[in-house]
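All remarks here apply to the structure that follows.
The values are calculated or read from the model by the stated rules, or taken from the named source; none is laboratory data. Keep in mind it's a predicted model, so treat the numbers as computed, not measured. Using ideal geometry, Cβ is built from the backbone for each residue, glycine included, and neighbour counts are taken over all protein chains shown. Note: accessible area is taken over every heavy atom of the protein model, side chains too, but ligands, DNA and RNA are not part of it. Shrake-Rupley method; radii C 1.70, N 1.55, O 1.52, S 1.80 Å.
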Amino acid sequence: MTGISAKEPSGLTVDQIDNAPDNEYIRLRKLLLGPEYEQAIKDYISRQSDAERVAAVLSQAIEAASSRDTALGKALAPVLNKAIHESISRNPSQITTVMSPIMGPSIRKAVATALSDMVQSLNKVLEQSLSIRGLFWRIKAWRAGVSYGRYVMSQTLRFAVEQVLLVHRETGLLLHSVVSETTDTKDPELVSSMLTAIQDFVADSFDTASGADLDKVQVGDLTLHLISGGNSVLAFATRGTIGPAAMEQIIGHYETLQQEFTEEIAGFSGNRDAFNGAEDHLKSCLLSEQLVPKTSRQQRPWLAIAVLFMLGLALVYNGYLGTLRTLEYERIVEALSSQGDYMLISHRIEDEHITAQMLRSVSGIPPEQLIRNIEPAFYDLQLDVRALTFGEIDVDKLNALELPTPAPEPTLLEKFNALAGLIQSQSLYFEKGTANLSGQSIETFQTLVSKLKNVSEIAEVLKPGQLQIMVQGYSDRVGSRINNLALSKERAEHVRDMLISNGLSADTVIAWGLGYRDLGVEDLEWQRRVAIQVLLPGVSINLSNSNASKLGMQR
Amino acid sequence: MTMPRISKKVCMVGPFAVGKTSLVRRFVESIFSDKYHTTIGVKISKKVIDLDEAQMQLMLWDIEGVDVFTDLRPSYLRGAAGVMIAVDGTRPATFKQIDRLIELVNQQLPDVPKVLLVNKFDLKSEWKLEEQALEEYASRGIPVFRTSAKTGEAVEEAFETLAKSIV
């Protein structure tokens, strides 16, 4: 290394030592050791470069400087900032790789915290909204013309800092501002300038001490605090009474901010971008303190809880009883339907009463006995029984019913027989799941009406007042038994009503539903039908088509 | 890339009832009203204007008019980057206050750009103005604009000129 300026431990160069006029110790050493010593020193120093010598002591030097004061940190901060900025600019992926293991968990934690806060907040809002107090607050908020959330906040917070503005003292221009989430604010830039104007106005208008500034403005429950420091002003709006501890916290944040942004504030020329970094400090000033909720036991709504519990019990018990009743009802209907000597025509249920219309054969047990056999538990069962005098009731056998026939007048009897045969050979068909006649059956119905009228006239002559027109409703096999029974009854009653409205006597027409009967026909359309039978005691009806041909009738 | 935005404080001063508030309102909101409302203290508005390489947000301090009872409050001028002095072209008495206002402004803000607005140009037939006097201000580096808050004439131009001179 050329031009080396080797130094002794004393800090002097060799040449300086040589020329030192009054350093006797050095002169003595020179006399004793001679020029070899000087050469040895030079050789030793030249073996190490400056960098190596600095490297050897650098860590200890940094450690010592750091422990002494913060000057080294302050000196290195701008250099490190530039270095980091440069490094990220050159290779952004590098910082991403390094940061992602740290940022991932942090982001997850932040999201989890935010969600937790949101749930708690929602819970609180629901509690407030659904309570009497919440309703009361809602009315108050409406009357005061403020939002409900804001009113709730005013009632539940001891104080809250709603908005913080950092203002350039000289120009009144806004440097930065933050606002709490629940606050509706006006333009902070205008507020900032106006605040400065007010400060100037007060300072000009009143004999204030030199340098004294306005430090508080109060409007209703809103207080605007102003803290002046150097060439900036921190203004923050609070609701409620802010305590001294919180005030100290805010002042502390402001002082830190001032330290960090001293140069930026002093050299402010209108560009606010330099103050984006002040966001965190200002947000730290958005403090709030909640009123301690009353947690005494008297506050718990025991009465409401008890009422709700009883209501719940009542609902469960009611549901249980309802299920029992339904099962009981189905059992009764099933029992009535399965009685051999009885035929269930219809039934209806009103409150706790079941009324059933039934046809009973002469050999059937008495209705009272039938009720006792069924043993209804929840219902009062009433049977409307009509005894039939023409034998066993068996629908399947009814068509083939043969009763003793007294000798009728041959012409009328033949006519009656033929007409009855035709009527019984024709069925009315229905649309699926309804009591509406299918299109073709509407026409069939009209021909049946005229035939039934003829039969009625003949029967009046043969056996006055004894004709019975039995309208039997059926359903297809699809669906539950009870539903099918109800639907078949509805179809039968519909046809009965139509017959009566077309001029047939209501006393002669009986309708009942038989549900689905397996008659060996798989056609579902055929199964959905109403059949009409004409019965006249002592008259046997022959279903052969020859009777029709006697009258020249076609189906 | 978004243009950088800088904020600047601009003060509007002048005698009472010359149309300062109307000029600001015309510039900021592009509207004019015949109704006169006197300004008490100061009224602050803002408007962003596009310059060549940046946006400038002007915080406009419309300061109450001066008269024999009310003088200009110097503290309102503090920190302003530009000043507009407005007078009424139909009222010669307002011209006489121009020099005093310039002096007051210069005491507080010796180096800031200034423009002179001679307002109510829509009533030009009633103007009692010595054009030569206006030229003198222009020669002293104070641009002069004959404005009309009612029609909007020269209003934008005056504000933009001041903004450019601030930059």
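Across the protein chains, with a 1.4 Å probe defining accessible surface, the residues B:53, A:414, A:279 rank B:53, A:414, A:279 from largest area downward. Rounded to 0.05, the FRET efficiency of the residue B:160 and residue A:138 pair, given R0 = 45 Å and the Cβ-Cβ distance, is 0.30. Modelled this way, with points 7 Å down the Cα-to-C-beta line, the labels at residue A:505 and residue A:215 are 11.2 nm from one another. For residue A:140, the lysines whose Cα falls under 22 Å of its own Cα, not counting residues fewer than eight places away in the same chain, are A:124, A:294.
Starting from the Kirkwood radius over alpha-carbon pairs of segment A:479-534, derive D by Stokes-Einstein at 37 °C in a medium of 0.692 mPa s and give it in µm² s⁻¹. Translational D for this selection: 270 µm²/s. A crude spin-label estimate for the pair residue A:290 and residue B:31, with each label 7 Å from Cα along the Cβ direction, gives 4.4 nm.
Put simply, chains B and A cover up around 1700 Å² of each other's accessible surface, both sides summed, when a 1.4 Å probe is used. Cα centroids of segment A:434-506 and segment B:1-65: 93 Å apart. Each of A:287, A:499 has its accessible area taken with a 1.4 Å probe; listed largest first, they run A:287, A:499. Solvent exposure of residue B:131, expressed as accessible area, is near 80 Å², computed with a probe of 1.4 Å over the protein chains only.
Across peptide A:266-272, the mean count of Cβ atoms from other chains lying within 10 Å of each residue's own Cβ comes to 4. When the surface is traced with a 1.4 Å probe over the full set of protein chains, residue A:140 keeps roughly 80 Å² accessible. Using the Cβ-Cβ distance between residue B:40 and residue A:146 with R0 set to 35 Å, the FRET efficiency works out to roughly 0.75. Stokes-Einstein diffusion for segment B:5-166, with the hydrodynamic radius set to the Kirkwood value over Cα pairs and evaluated at 4 °C in a medium of 1.567 mPa s, equals 83 µm²/s. Loop-located GluC sites (Glu not before Pro) across segment A:449-541 with a Cβ neighbour count of 15 or fewer within 10 Å are A:522, with loop assigned by DSSP. Model label sites at residue A:89 and residue A:307, defined 7 Å from Cα along the beta-carbon direction, differ in position by 7.1 nm. Charge dipole of segment B:5-166 (Cα centre as origin; +1 on each Lys and Arg Cβ, -1 on each Asp and Glu Cβ, all else neutral): 500 debye, rounded to the nearest 20. Here residue B:46 sits with roughly 60 square angstrom of accessible surface, probe radius 1.4 Å. Pairs exceeding 24 Å between alpha-carbon atoms, taken from B:20/B:47; A:415/A:489; B:20/B:124; B:8/B:35; B:96/B:128; B:46/B:114: A:415/A:489; B:8/B:35.
Report summary: the helix-based calculation at 222 nm, which adds -39500 (n - 2.57) for every DSSP H run with n ≥ 4 and divides by the residues of chain B, gives -8000 deg cm²/dmol.
As a test of reading the structure, rank A:494, A:281, B:37 by solvent-accessible area (1.4 Å probe, protein chains only), most first.
B:37, A:494, A:281
Taking amide hydrogens as placed 1.01 Å from N in the peptide plane, the amide H of residue A:229 sits under 5 Å from those of A:234, each at least 5 positions away in sequence or on another chain. Taking Cα centre as origin and charging only the Cβ of basic (Lys, Arg, +1) and acidic (Asp, Glu, -1) residues, the dipole magnitude of segment A:309-387 rounds to 120 debye. Shown is the FRET efficiency for residue A:349 and residue A:461, computed with R0 = 41 Å from the Cβ-Cβ distance and rounded to the nearest 0.05: 0.45. Of all DSSP beta bridges located in segment A:309-387, what percent are antiparallel, nearest 5? Restricted to segment A:309-387, the bridges split so that about 50 percent are antiparallel.
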